[in-house]
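Visitor: I'd like to ask you about the structure that follows.
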Amino acid sequence: MLIDGEWMDAASGKTFSVFDPATGETIAQVAEGEVEDIDHAVAAARHSFNKGTWRNFTPSERGRVLWHLGDLILDHLDELAQLESLDNGKPMSVARVADVPLAADLFHYMAGWATKIEGSTIPISVPYATGAKFFAYTLREPVGVVGQIIPWNFPLLMAAWKLGPALATGNSVVLKPAEQTPLSALLLGELIMQAGVPEGVVNIVTGFGETAGAALAGHPDVDKIAFTGSTEVGKLIVQAAAGNLKKVTLELGGKSPTVVFKDAPDLEGAIEGAANAIFFNHGQCCCAGSRLYAERAVFDRVLEGMETRAKNIRLGPGLSADTEMGPLVSEEQLKRVSGYIQSGIEQGAHATSGGQHPNEHGYFVPPTVFTGTKPDMKIVREEIFGPVVVAEPFDEFDEVLQQANDTDYGLAASVWTRDISKAHRAAAALRAGTVWVNCHNVFDAALPFGGYKQSGWGREMGHAALDLYTENKAVCVAV
């Protein structure tokens, strides 16, 4: 673990195994941090913050360090992509063109914001102070010590999403990577030190959510907790944070609709987009398009196209050059997704493709398409977090929007139509933090990302993220 600029074992001496999801074999032993290690890391972060080690850097200096970190990530592109593939199971070719470059771009983007975090002057009128003069202004100041808990589906990228705005605004951090995928976070820690981030500003504690994660969320000397993961765990984070009323941001689950109208500008392109919406990253995306609605006139063509693409996706180890979809991240996730598939079959839905675990070894689930579902089925209501989509036809515009919004979640949605008026009306009506039109899974460091309803609180990326890592202080001076 990285604590106060030093690499160290867990205080208990414990380690835990990290597995290759393509084979189920152990690939590494990692320090198992617990409460004592979290206490040590938080103390280091608090000392660095109180000392002003990082927040007293000039904004320009902080920006240069973050830019250098982005460059270092690109310098280690192949190494980081290989680690992500080996640890998470995703194809290395995907990590190489998406996860790693996007992580670098996030730090480059946030480097620019470091010099643009500004307050404002406010002309005030005080009714009870006739004739008095005041100079009033606001300051944006760092929150303090920030705990960040990142998920296993995009380990490096989610760490960047969290660390970028926290560091740009001058905070100190304790980062807890997912126990399934800690390896890229540890390499990122090395690069953070190389980039010139002072000791104690970023601390990385590996361990389990039930111990290290819970200790971080509930720690009385942590000023803010940021979490990405399931809605169920997010609710536990909120409860843990209540002790000292620490600030909380949450990027949680989703059950995102993909709506294909018969006037889609390119129906084959829409089908390809809908397939990528659910099958990208093995469906292990919080914004995966897991509910597909196609207008009845084109539903059969859309369904046939989805089935064809699902059946033709090549499954294999992430490090294999011809792999298009790797394994799920863990045996636990394999059982979860397989359980949902079995539930769908038992409740009367029809799996037109996929549905069976194809390999004796590894945590593989083939792309699966369900039809004949009902609104109250678990596969329709609950987040599966695997390559499983439910597909149903619709007839009317208002009908499909009602169906799309009939969910506890509100993270993302996509709409496919050539009618610009229809697109804007749908985007306005959909209760989701992101609505894509004629595309899906388009991300940029400048574009805020987050959810409505039980998909979370706050936003990642963009200018909006900076507000969540700063306090807004009002200053009023009698002149």
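Visitor: Run the 1.4 Å probe and let me know the accessible area of Cys439, rounded to the nearest 10 Å².
Guide: For Cys439, solvent-accessible area is about 40 Å².
Visitor: I've got another one for you. Using the Cα atoms of region 1-84 to build a convex hull, what is its mean projected area in square nanometres? Numbers along the way, then the final one.
Guide: Numbers: hull surface 29.2 nm².
Seen from a random direction, the Cα hull of region 1-84 projects 7.3 nm² on average.
Visitor: For Lys374 and Lys311, FRET efficiency with R0 = 22 Å and r from the beta-carbon atoms, rounded to 0.05?
Guide: On the way: r = 25 Å, r/R0 = 1.14.
Efficiency computed from Cβ-Cβ geometry: 0.30.
Visitor: For each pair in Lys224/Lys473; Lys14/Lys90; Lys247/Lys453; Lys176/Lys224; Lys14/Lys335; Lys262/Lys422, compute the distance between the two Cα atoms and list the pairs where it is over 20 Å. Numbers along the way, then the final one.
Guide: Working: Lys224/Lys473 17 Å; Lys14/Lys90 28 Å; Lys247/Lys453 18 Å; Lys176/Lys224 14 Å; Lys14/Lys335 27 Å; Lys262/Lys422 12 Å.
Lys14/Lys90; Lys14/Lys335, as the Cα separations exceed 20 Å there.
Visitor: For region 234-307, go through all pairs of different Cα atoms, get the mean of 1/r, take its inverse, and jot down that Kirkwood value in Å.
Guide: 14.4 Å
Visitor: Additional query: What FRET efficiency comes out for Arg418 versus Glu331 if R0 is 35 angstrom and r is the Cβ-Cβ distance? Round to the nearest 0.05.
Guide: E between Arg418 and Glu331, to the nearest 0.05, is 0.20.
Visitor: Kirkwood Rh over alpha-carbon pairs of region 48-106, then Stokes-Einstein at 20 °C and 1.002 mPa s: what D in µm² s⁻¹, rounded to an integer?
Guide: Taking Rh from Cα pairs, D becomes 167 µm²/s.
Visitor: Note the full-extension length gain between Glu304 and Ala136 as 0.36 nm times their separation in residues minus their Cα-Cα distance, in nm to one decimal. Could the numbers behind the result be given before it?
Guide: Numbers: separation 168, 0.36 × 168 = 60.48 nm, distance 6.37 nm.
Extra length available between Glu304 and Ala136 comes to 54.1 nm.
Visitor: Measuring from label point to label point, each 7 Å out along Cα→Cβ, what is the Glu25 to Phe208 span in nm?
Guide: Placing both labels 7 Å beyond Cα along the Cβ direction yields 2.6 nm.
Visitor: If you look at just the Cα atoms of region 263-370, how large are its Rg and its Dmax in Å?
Guide: Cα only, region 263-370: 14.2, 44 Å (Rg, Dmax).
Visitor: Need one number: nm distance between label points at Gln402 and Thr121, each 7 Å from Cα along Cα→Cβ, rounded to one decimal.
Guide: The two pseudo-label positions are separated by 5.6 nm.
Visitor: Related question: Once the whole set of protein chains is in place, how much accessible area is left on Glu79, using a 1.4 Å probe, in Å² to the nearest 10?
Guide: About 90 Å², rounded to the nearest 10.
Visitor: To continue, here is another question. Per residue Cα convex hull volume for region 332-479, in cubic angstrom?
Guide: In region 332-479, the Cα convex hull volume per residue is 185 Å³.
Visitor: On to the next question. For region 367-453, report the accessible area per residue in Å² (1.4 Å probe, heavy atoms, rounded to an integer).
Guide: In whole numbers, region 367-453 has 42 Å² accessible per residue.
Visitor: Mean shadow of region 148-226, computed from the convex hull of its alpha carbons, in nm²?
Guide: 4.8 nm²
Visitor: Sticking with this structure for a sec: Remind me, what semi-axes does region 187-273 give for its equivalent ellipsoid, largest first in whole Å, using sqrt of 5 times each Cα gyration tensor eigenvalue?
Guide: Gyration-tensor ellipsoid for region 187-273: 37, 22, 11 Å.
Visitor: Divide by every residue of the chain the summed helix terms, -39500 (n - 2.57) for each DSSP H run of at least 4, and state the resulting mean residue ellipticity at 222 nm, rounded to the nearest 500 deg cm²/dmol.
Guide: That comes out to -11500 deg cm²/dmol.
Visitor: Subtracting the Cα-Cα distance from 0.36 nm times the residue separation, let me have the gained length for Ala427 to Asp39 in nm, one decimal.
Guide: Full extension from Ala427 to Asp39 adds 135.2 nm.
Visitor: Separate question: Peptides 195-207, 400-412: what's the order by average Cβ count within 10 Å, highest mean first? Display every interim value, and only then the final one.
Guide: Details: 195-207: 23.5, 400-412: 20.6.
My ranking of the peptides, most packed first, is 195-207, 400-412.
Visitor: With the Cα gyration tensor of region 414-470 in hand, convert its eigenvalues to equivalent ellipsoid semi-axes via √(5λ) and list them largest first in whole Å.
Guide: Semi-axes (√(5λ), whole Å): 24, 13, 9.
Visitor: Which of the peptides 453-460, 277-284 is most tightly packed, and how do the rest follow, going by the mean number of other Cβ atoms within 10 Å of each residue?
Guide: Output ranking for 453-460, 277-284: 277-284, 453-460.
Visitor: Quick one: work out Rg over Rh on the C-alpha atoms of region 1-159, Rh as Kirkwood radius.
Guide: 1.12
Visitor: So if I take the alpha carbon set of region 98-186, get Rg, then get Rh from the Kirkwood formula, what is the Rg over Rh ratio?
Guide: 1.24
Visitor: Could you give each residue of region 9-24 its phi-based ³J(HN,Hα) in whole Hz, using Karplus coefficients 6.51, -1.76, 1.60 with θ = phi - 60°, and x for Gly or Pro?
Guide: Karplus-based 3J(HN,Hα) across region 9-24 equals 7, 5, 4, 7, x, 6, 10, 9, 8, 10, 10, 7, x, 6, 10, x Hz.
Visitor: While we're looking at this one, here's another question. With all protein chains present, how much of the accessible area of the chain (probe radius 1.4 Å) comes from carbon and sulfur, to the nearest whole percent?
Guide: Percent of accessible area from carbon and sulfur atoms in the chain: 52.
Visitor: Can you give me the Cα centroid spacing of region 382-431 and region 117-192 in angstrom?
Guide: Each part reduced to its Cα centre gives a spacing of 33 Å.
The values are calculated or read from the model by the stated rules, or taken from the named source; none is laboratory data. Given the structure is predicted, the values throughout are model-derived calculations rather than measurements. Neighbour counts are summed over all protein chains in view; Cβ atoms, including those assigned to glycine, are modelled from backbone coordinates with ideal geometry. Heavy atoms of the whole protein, side chains included, go into the accessibility calculation; ligands, DNA and RNA do not. Shrake-Rupley method; radii C 1.70, N 1.55, O 1.52, S 1.80 Å.
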